[in-house]
Amino acid sequence: MERIIDTTIPCEQFFVEGALRKQIASSCGIKPQNLHYKILRKSIDARKRPTFCLKVLISDKPIEKTPIKRNYQDVSNAERVIVVGAGPCGLFAALKLIEEGFKPIIIERGKPVSERKKDIAIIARNQELNEESNWCFGEGGAGTFSDGKLFTRSTKKGNINDILETFVYHGADENILVESHPHIGTDKLSRIIKNIRGTILKCGGEYHFSTKVVDFIVKNDIIYGVKTSDNTSIEAKAVILATGHSARDIYYLFAEKGWAIEAKPFAMGVRVEHSQELINTSQYHNKELASLLPPASYSLVHNEKNRGVFSFCMCPGGMIIPASTERQTLVVNGMSASNRGSAFANSGIVVSVSPQDVKEYSKQPALSLMKFQQECEQKMYIQNQVAPAQRISDFIRNKSSHNIGATSYPSGLYACNMNDYLPNFVAENLKAGFKVFDRRIKGFISSSATMIGLESRTSSPVRILRDKESLQHPQISMLFPCGEGAGYAGGITSSAIDGVNAAEKISQILK
Ligand SMILES: Cc1cc2nc3c(=O)[nH]c(=O)nc-3n(C[C@H](O)[C@H](O)[C@H](O)COP(=O)(O)OP(=O)(O)OC[C@H]3O[C@@H](n4cnc5c(N)ncnc54)[C@H](O)[C@@H]3O)c2cc1C
């Protein structure tokens, strides 16, 4: 008989051969040699003595493996649906459209993954930024060369497990189905994104790379297709707009057409970097154990006079990278490989920003936060991808740093006083947050801790409105704004869920 139990085991015990089997067997009255078990869920509680919290399926008979099945059918001659953007939202929408019997026509301004890799290497070497092929634009969107954490709080919006299984179906390690904070890593993501392309092409879907959507074909407030940068019109029954939060031209296009958009609060700050060893010691309280466990992460939140200061997209064993999409601007973000093997831990530490903070941009209220974001990124610009940086201890004392310690950032740093580069309210709230975080992680403020700017692409500063039920734009029928760029998701998994929801809605309408 099969049943599911919850159990905990100290981390050091977990690594002793046979210890978990023995513990489970004695708690459920099965002889250890007759016990069959499968860990369904695994998390670490590191508050005191680091302990694994497990959900385990147990049985006295062998547990059969259930293969992941998908109904990817031939849609070569099926009804066409345009998907603008090949990020997680667009790709998962396309896969769902195929399952629902529609032919996805994917239009992507950037290049396929392998070609995009070359452009990224050029950016990392501090040479010129390709505005159409970079860390945010290209096959797989901002999700390809990302950290690949698949954790989301959007549990009510859709089936997270379905998204994770689709990743596994396309080559991700099965442990993402078990870990409470699943992580893929950029090296594996590139391969998975190529495999997804394989599925879509095999079923008869289409990809148009290096093709930017510059306008929409609309008659009587119904969308019939898109116009692209190479002067082509592509027609279809519906358009999923999944262009991500960095496609500023799309927001400008909506504003120009008078189509409903609004300013959406977002967050801005810096990337901070510490040695991974410091974070491990602080979180696991035990050096020896740290060598057995994955590099430790943290999640920090502080409320300073009703304004949030919080950690964002923490990357254990990762690196800080230049993530701008426009020349003469500087944006940073964080990523890691699957082994999280670097000696550094980085995280965005950001301050919430709302329309009340940017009243000077109120002439175009819907774009006010985006313009503020863009101007802050321009102020950070020094030369190509060289990023302004400071030792955190100097920042607190408002004293320029004259040099910076070891860092993972590949493209060069400019030691300065970040107080001169950041908007005042951002700098002051960061200081308040850092002081609180230093009480939680000893050494958070120190001369070997570095802050690098600007972390500004945390989420979309604009929301493209849509009807809650039909997911269509309120003025334009059959236009489905979705994913992070439309303001309905944040992160890989929630963007993928939003794409799936849009595809299912289209299927309900068209079938
Ligand atoms: C370095 C980095 C690390 C990250 N790490 C994580 C992480 O660990 N976990 C996590 O959950 N999230 C992470 N994120 C965020 C995550 O990648 C995004 O939330 C997610 O990719 C959003 O998905 P999306 O499909 O909505 O948009 P995007 O991924 O931004 O994709 C949009 C796509 O649309 C294309 N496009 C834009 N405009 C046009 C146009 N006019 N015509 C045609 N194509 C267009 C773009 O080229 C792009 O490929 C990270 C992001 C970065 C940059």
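The values are calculated or read from the model by the stated rules, or taken from the named source; none is laboratory data. No experiment lies behind these values; they were computed from the predicted model shown. Only protein heavy atoms, including side chains, enter the accessible area calculation; ligands, DNA and RNA are left aside. Shrake-Rupley method; radii C 1.70, N 1.55, O 1.52, S 1.80 Å.
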Thinking of the chain as a set of Cα atoms, what percent of all their pairs are more than 29 Å apart? 53
Nearest-10 value in Å² for the accessible area of VAL351, using the 1.4 Å probe: 0
Just to confirm my numbers, what's the Cα centroid distance between the stretch 455-511 and the stretch 13-65 in Å? 40
Would you compute, from DSSP H runs of 4+ residues alone, the mean residue ellipticity of the chain at 222 nm, taking -39500 (n - 2.57) per run and dividing by the full residue count, rounded to the nearest 500? -8500 deg cm²/dmol
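Lysine pairs, Cα distance under 15 Å, 8 or more residues apart or cross-chain: how many in the stretch 3-59?
Here the count comes out as 4.
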Taking only complete DSSP H runs, can you tell me which helices of the chain stretch 20 Å or more along their own long axis by Cα positions and average at least 0.0 on the Kyte-Doolittle scale? 492-510
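Output the Kirkwood hydrodynamic radius of the stretch 29-129, Cα pairs only, in Å rounded to one decimal. Please list the in-between numbers first.
On the way: mean 1/r = 0.0526 Å⁻¹.
Kirkwood hydrodynamic radius for the stretch 29-129: 19.0 Å.
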Equivalent ellipsoid semi-axes, the stretch 369-511, via Cα gyration tensor eigenvalues times 5, rooted, Å: 41, 16, 14
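Based on the alpha-carbon gyration tensor of the stretch 109-238 and its eigenvalue square roots a ≥ b ≥ c, which shape applies: rounded if a/c is under 1.5, prolate if not and a/b is larger than b/c, or oblate? Walk me through the intermediate numbers first.
Details: a/c = 2.02, a/b = 1.28, b/c = 1.59.
Because a/c hits 1.5 or more and a/b fails to exceed b/c, the stretch 109-238 counts as oblate.
Remind me, relative contact order of the stretch 265-455 in percent, using alpha carbon pairs under 8 angstrom and six or more residues apart?
It comes to 29 percent, rounded to a whole number.
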Could you tell me the largest-minus-smallest coordinate of the C-alpha atoms of the stretch 129-186 on each of the three principal axes, in descending order and whole angstroms? 38, 24, 17
Carbon and sulfur %, accessible surface of the stretch 105-200 computed with the full protein complex present, 1.4 Å: 48
Please state the relative contact order of the stretch 1-91 as a whole percent: Cα pairs under 8 Å, 6+ residues apart? 31
As a test of reading the structure, rank LYS399, LYS48, LYS156, LYS264 by solvent-accessible area (1.4 Å probe, protein chains only), most first. LYS156, LYS48, LYS399, LYS264
Any chance you could tell me what percent of the C-alpha pair distances in the stretch 265-455 go past 31 Å? 14
Can you give the convex hull volume per residue for the Cα atoms of the stretch 337-376, as a whole number of Å³? 109
Dimensionless Rg ratio for the stretch 3-59, taking C-alpha atoms and the 2.2 N^0.38 Å reference: 1.08
